[in-house]
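The values are calculated or read from the model by the stated rules, or taken from the named source; none is laboratory data. Computed from a predicted structure; not experimentally measured. Here the Cβ positions follow ideal geometry from the backbone for every residue, glycine too, while neighbour counts run over all protein chains shown. SASA here: full protein model, heavy atoms, side chains in, ligands and nucleic acids out. Shrake-Rupley method; radii C 1.70, N 1.55, O 1.52, S 1.80 Å.
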Amino acid sequence: MSTRTAPRESADADRLRLMVVVARLYHIHRVSQRQISERLGLSPARVSRVLRQAEVDGIVSTVVAVPEGLYPDLEDAVERLCGVQEAHVVEVPSPDLAVGLGRAAARLLADAMSSHAVVGFTSWSRTLQHMAFAFPAPLRTATRQVVEMLGDLGSPLLQHSAARATQAMASALGADPVFLRTPGVVATPELRAAALGDPYVRSALRLLDSADIVLVGVGPPDVHSQLQAGDSYFSPEQLAEVRAAGAVSQLNQRFLDRAGRRLETPLDELVVGSTLDQVAAAGRRVVVAGGPDKQEAIAAALRGGWVDTLVTDVTTARFLAGELPDGGLVSPVTRV
């Protein structure tokens, strides 16, 4: 006595068989959907439906194999928890973090610079200097001007390096460099008023009102990097006072508290450079920074919403995502 397969079971088997055939042709043998349609006598719409159903039924599964050295999950966590639109997390093999981050940022941000007419550039940042020197040149961009966001800081040698970086960035983007040749930090408000009276200084700072993208320097409120007290910079006593007032971060020498709120101090009247209002008004606000000494400063800048694009190292990203002890952020709604 013969046994017949139930009609429903037969239909299910045929459906599964068709899904397997179509899926193998498309995913393994790289046959186009149009060619599958012609070969099997199916409508293009049905081929598309069969492929979608194969995914739903688990016959086809998509696996994204992330190469070693990339951190998409960590980037997603930083974006989600820290409120930034775009986070790039890079592994920096170089013992000099500024060099590694700068070179990585040059690769990651080259395309992003192409459509911006006015670029604000913090030329005294070592990390951003390395980025400028590493940019592929020349790029085909719409950039017209690269504008320094802060006057000179540090020794004459450091000032020369800053000017060279601005020139390199402008050359890479096919733009005109706009230098801010004046001390970035002066001794008295009267000296600042005199600096702002210079027509070239006024013109440069006015351009920052319409900046499409700004590359902002972030750091702790102390004497850091290659700076030294007295080299067109604040004294240790002045910085101790702003820390006592609650400062944990500075953006281009404008101070923020732990919650990322601007901290107005008398030192604001000594800075010749971009204001926090100009930073906030820019179309895109980029920070390239990392390292243990800058983690709290970066976290504060993110809490305050001053940054929408971040390029940083793995350890700092883990700190920001709360994966390290004393991690800075838990979720956007719990910002201090």
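Entry comment: accessible area of the range 11-57 is 68 Å² per residue, from protein heavy atoms only and a probe of 1.4 Å.
Sorted on the mean count of surrounding Cβ atoms within 10 Å across their residues, most packed first, peptides 291-297, 235-241 read 291-297, 235-241. Taking only protein heavy atoms and a 1.4 Å probe, the accessible area of the chain is 52% carbon and sulfur. The overall shape of the range 99-159 is oblate: from the C-alpha gyration tensor, with semi-axes ordered a ≥ b ≥ c, the ratio a/c is 1.5 or greater and a/b is no larger than b/c. To the nearest 10 degrees, how steep is helix 156-173 against the longest Cα principal axis of the chain, on a 0 to 90 scale? The two axes meet at around 40 degrees.
The alpha carbon gyration tensor of the range 11-57 gives principal lengths a ≥ b ≥ c with a/c of 1.5 or higher and a/b greater than b/c, which makes the shape prolate. Using the Cβ of Leu101 as centre and a radius below 12 Å, the other residues enclosed give a net charge of +1, where K and R count +1 and D and E count -1.
Report the local net charge at Ala204: Lys and Arg +1, Asp and Glu -1, summed over other residues whose C-beta lies under 14 Å from its C-beta. Residues near Ala204 contribute -1 overall.
Using the 1.4 Å probe convention, the accessible area of the range 108-202 works out to 43 Å² per residue with neighbouring protein chains retained.
Over all other residues within a Cβ to Cβ distance under 11 Å of Val242, the charged ones net out to -4, with Lys and Arg as +1 and Asp and Glu as -1. Calculate the tail of P(r) for the range 177-327: the fraction of all Cα-Cα distances greater than 21 Å, expressed in %. For the range 177-327, the share of Cα pairs beyond 21 Å comes to 46 percent. Estimated purely from DSSP H runs of n ≥ 4, each contributing -39500 (n - 2.57), the mean residue ellipticity at 222 nm for the chain is -12000 deg cm²/dmol once divided by its residues.
Dividing the radius of gyration of the alpha carbons in the range 141-202 by their Kirkwood radius gives 1.03 for Rg/Rh. For the chain, the convex hull spanned by the alpha carbon atoms encloses 194 Å³ per residue.
For the range 228-277, just say rounded, prolate or oblate: build the C-alpha gyration tensor, square-root its eigenvalues into a ≥ b ≥ c, call rounded for a/c under 1.5, and beyond that prolate if a/b exceeds b/c, oblate if not. Oblate.
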